[in-house]
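The values are calculated or read from the model by the stated rules, or taken from the named source; none is laboratory data. All of these numbers come straight from a predicted model, not from anything done at the bench. Don't worry about glycine lacking a Cβ; one is built from the backbone with ideal geometry, like all the others, and counts go over all protein chains shown.
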Amino acid sequence: MQDHVLVVGAGLAGATAARILAESNLRVIVVERRKHVGGNCYDYTDENGITVHLYGPHIFHTNSREVWSFVNRFCEFRYYQHRVLSFVEGRLVPFPINRDTICEVFGVNIGVEEVEDFLKDEVRRSNFNDPPKNFRDVVVSQVGERLYELFFKNYTIKQWNRDPEELSPDVAKRIPVRYGRDDRYFSDRYQGIPARGYTHLVERILDHPKISIVTNMDYFELRDHVKPKLTVYTGELDRFFDCVYGKLEYRSLRLVFKTYDVEYYQPVAVVNYPNDYDWTRITEFKHMTGERSSRTTVLFEYPSAEGEPFYVVLTRDNIERREKYMEEVKKLEKSGEYIFVGRLAEYLYYNMDQVIEASIRKVSEWLKNRTG
Ligand code: FAD
Ligand code: UDP
């Protein structure tokens, strides 16, 4: 084991690290506590022949050519531009908010060149902290209180079980506001879905003679018995340190799959439900994968405090606690024996491409320092 690198977790962070280390001629053992690789982007084909994402819908999007080139080494991507509709006041309207959303919601007919002034007017009539201090401030400072209440307030309370004023501005910065008619969810340069699925992508990344994989194995059952050259840790940050600074909060989802005997259930892959029902969104996977079938499988997401750790919860308490843990991480990383990377291990609200980018960067730095 002394000559080996141990990678904890076979999600994108762990798989990327394992691959780069293996290509640098190191022997890598990946341990994964689940029975499968892929982490939270794991997908599989259900009994109706439809590819579904077990832990919620995943769309790959990035502005990084490096990340895009990396993933394209291992699989082809299906052209797909993600579109989302929001169910408000009984009808489906484009989301993120753009010119068409405004026209439909307010029953006005304005040109794209008038949208900025329209929103400025909404903002002028609203109350918020300037500069913005929290989630609510960021949204209201861009679109005003009326649109905030319709599209953001209740969705955010449902998703996080928090007052939006308790959440970091960074959460709101994930959602753009568009003055034009672009109705895509993401505007990144590269977007798509792995043609043969995310599990296949991760399996291909891990497919290297120097990489061995052990599933159904929790790192904490073996950490006292092994002494690897390097440990790349991608699990929960607080758990690594036995929660000495207190527990970090993770938000989960209860995921309910349903199959219907219709070709399509809804007009786009994702419909958000800010104000109605207890779910936040419904995903119909066929729109993403392009699969054809007389039946369709959809996924209802019900946010939950219990369950798998899917989301970091960016409140002040959690962010402060994270800082304490990250001081410990810095010390361990300085020793050259550990790398902490990924959504859980860095306690950051990372997208897939950001995880891959961080993993490439951290492992490359480690390799550089090693060779001096
Ligand atoms: P994970 O995928 O969580 O992998 C960590 C792995 O480590 C897990 O498999 C876990 O079982 C394992 N592990 C943890 N602790 C241990 C241990 N002690 N021993 C052994 N194994 C352990 N990103 C996008 O870019 N686009 C999207 O559309 C998108 N949609 C999302 C939708 C949902 C509902 C969720 C929850 C996330 C979404 N993401 C999306 C984010 C994306 O899932 C993550 O950025 C990415 O998968 C994180 O990869 P990771 O390797 O850091 O973590
Ligand atoms: N959000 C919202 N209304 C929406 C969609 C998103 O208020 O219709 C807020 C909500 O707080 C959510 C955050 O924006 O948690 C980030 O949304 P995103 O779609 O990026 O969430 P994810 O895909 O990570 O679940």
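Some notes on this structure:
- Residues that are within 27 Å of residue 110 (Cβ to Cβ) and of a type outside the set (Lys, Arg), drawn from region 157-184: 172, 175, 176, 177, 179, 180, 182, 183
- Within the option set 48, 25, being polar (S, T, N, Q), more than 27 Å from residue 288 (Cβ to Cβ) and either assigned to a loop (DSSP other than H, G, I, E, B) or within 17 Å of the chain's Cα centre (by Cα) (or both) holds for one residue only, 25.
- Residue that is small (Gly, Ala, Ser), within 15 Å of ligand 1 (Cβ to nearest atom) and over 26 Å from residue 279 (Cβ atoms), where the choices are 212, 141: 212
- Residue that is nearest to ligand 1 (Cβ to nearest atom) [pool: residues in region 51-77 that are in contact with a Ser or Thr (Cβ under 8 Å, 6 or more places away or on another chain) and either within 21 Å of residue 342 (Cα to Cα) or at pLDDT below 95 (or both)]: 56
- Scanning region 165-175 for residues that are more than 16 Å from the chain's Cα centre (by Cα) and outside any strand (DSSP E or B), we see that the one that is surrounded by the most Cβ atoms within 10 Å (Cβ to Cβ) is 168.
- Subset of region 273-304 [surrounded by fewer than 18 Cβ atoms within 10 Å (Cβ to Cβ), within 15 Å of ligand 2 (Cβ to nearest atom) and not charged (D, E, K, R)]: 275, 277, 302, 304
- Criterion applied to 168, 126 was being away from ligand 2 (no atom under 12 Å from the Cβ) and modelled with pLDDT of 95 or more, and the one residue passing it is 126.
- In summary, helices (runs of 4 or more DSSP H) completely within region 275-372 and bearing 2 or more residues that are among the acidic types (Asp, Glu) and away from ligand 1 (no atom under 16 Å from the Cβ) occur at 316-334.
- Entry remark, region 181-221: residues being in a strand (DSSP E or B), surrounded by 19 or more Cβ atoms within 10 Å (Cβ to Cβ) and away from ligand 2 (no atom under 16 Å from the Cβ) number 4 in total.
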